1. Please work out which residue is farthest from His59 (Cα to Cα), limiting yourself to the stretch 1-30 and to residues that are loosely packed, with under 11 Cβ neighbours inside 10 Å and modelled with pLDDT under 65.
2. Of all the residues that make up the stretch 83-101, how many are in contact with a helix residue (DSSP H, G or I) (Cβ under 8 Å, 6 or more places away or on another chain) and either at pLDDT 95 or above or among the basic types (Lys, Arg) (or both)?
3. Please count how many residues of the stretch 66-82 are in a loop (DSSP other than H, G, I, E, B) and either closer than 25 Å to Gly149 by Cβ or modelled with pLDDT of 90 or more (or both).
4. Looking at the stretch 125-139, can you tell me whether even one residue there is within 12 Å of Gly81 (Cβ to Cβ) and modelled with pLDDT under 95?
5. I need a count of the residues in the stretch 93-111 that are under 17 Å from Gln144 (Cβ atoms) and of a type in the set (Phe, Trp, Tyr).
6. Looking only at the stretch 96-128, count every residue that is among the polar types (S, T, N, Q) and within 18 Å of Asp10 (Cβ to Cβ) and tell me the total.
7. Tell me which of these Phe62 doesn't satisfy, since it passes every other one: (1) part of a helix (DSSP H, G or I); (2) of a type in the set (Phe, Trp, Tyr); (3) surrounded by fewer than 21 Cβ atoms within 10 Å (Cβ to Cβ); (4) modelled with pLDDT under 95.
8. What single numbered condition from (1) among the charged types (D, E, K, R); (2) free of Cβ contacts under 8 Å to residues at least 60 places away in the same chain; (3) over 19 Å from Leu53 (Cα atoms) fails to hold for Arg141?
Amino acid sequence: MPPRGAQALDDDQLRNVIVYLRSLQDPTAAPVSVEAWNLKVEGGMPETALIELTDHPGHDLFIASCSACHGAGAQGIEGQGLPLATSGFIRGKSDKELITFIKTGRPVWDPSNTIGVDMPPKGGNPAITDEQLQSIVDYLRAVQKEALGS
């Protein structure tokens, strides 16, 4: 999905789209479950490590905002997003630097973009808060700890 719907929508317009989409939802319906994501991980960290991390406060935020490109276990998806479970980039940055990076994203024209796919600011979720981004960063630190055994 292209950032901002490929329409260069501003934040207020995006909020209006979100409000409209939520108005279409049945308020009595149960929320969507991410349980199916927890059952199988192809590559990356062991399945047991992912299951143990489903209780982490950043897990559902990561699934909602990052997993479409980086995989449910942060193992990466070829042609979409690099693996984060073992990323030296993640390990080499402070929490503040990672939050700034996620907020900024990485456009396709950036020389450091080795995938050739835009990483939209905030993973394409303009409503995500700094506190939620910190929770995602904390989750990624926990994923790396499990994946790298450190």
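The values are calculated or read from the model by the stated rules, or taken from the named source; none is laboratory data. These numbers were taken from a predicted model, which means no experiment stands behind them. Cβ placement follows ideal geometry from the backbone for every residue including glycine, while neighbour counts extend to all protein chains displayed.
1. Ala6
2. 5
3. Taking the stretch 66-82 and keeping what is in a loop (DSSP other than H, G, I, E, B), we get 66, 71-76, 78-80, 82.
Okay, now just the ones that are also either closer than 25 Å to Gly149 by Cβ or modelled with pLDDT of 90 or more (or both), so 66, 71-76, 78, 82.
Number of matching residues: 9.
4. Start the filter on the stretch 125-139 by keeping residues that are within 12 Å of Gly81 (Cβ to Cβ), which leaves none.
Checked the stretch 125-139: no residue is within 12 Å of Gly81 (Cβ to Cβ) and modelled with pLDDT under 95.
5. The number of residues fulfilling the criteria is 1.
6. To start, the set of residues in the stretch 96-128 that are among the polar types (S, T, N, Q) comprises 100, 104, 112-114, 125.
From what is left, the residues that are within 18 Å of Asp10 (Cβ to Cβ) are 104, 125.
Here the count works out to 2.
7. (3)
8. (3)
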